[in-house]
Amino acid sequence: MSTYPVDVKSVNHSAVGTHAVFAGPARAVGIYLSKEKSLAASTVTLKDDSTVIAHFDVPATNNSDGAGITQYVQFPGTGIRCATSLNVTISGAITSSSVFFG
């Protein structure tokens, strides 16, 4: 049972660029990243408006014997506070990026 004081929602993005997760104050509570095999390295950055609050390097999966990867990060406590707006910036190929927020 969760002890987070508000409802937790999620938004999924996979295209390169900056995407709005929530256009107002929010708390990022976690992120789930997945990448299929045979893709180059990429980065995913969470931002409060344009200020970086978390940055993730997602390794390449383009070696001949490689497989895809998944990565889940849960932020401690009540998450990372964004006073203005919560955005995610994707640079490079990624299959899925799900941001959990409240």
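Since every read-out is calculated from the coordinates, none of them should be taken as a lab result. What you see is a predicted model, and the numbers here were worked out from it, not measured in a lab. Every residue, glycine among them, receives a Cβ derived from its backbone with ideal geometry; neighbour counts consider all protein chains shown.
For the pair N62 and A83, the difference between a 0.36 nm per residue extended length and the Cα-Cα distance amounts to 3.8 nm. Remark: relative contact order (the chain) = 49 percent; criterion is Cα-Cα distance under 8 angstrom and separation of 6 or more residues. A P(r) calculated from all alpha carbon pairs of the chain, with 5 Å bins opening at zero, reads 3, 14, 25, 23, 17, 10, 6, 3, 1, 0 percent.
Can you compute the modelled spin-label distance between V52 and Y32, with each label point 7 Å from Cα toward Cβ, in nm? Result for the modelled spin labels: 2.6 nm.
Using Cβ point charges alone (K and R +1, D and E -1), the dipole size of the chain about the Cα centre works out to roughly 120 debye.
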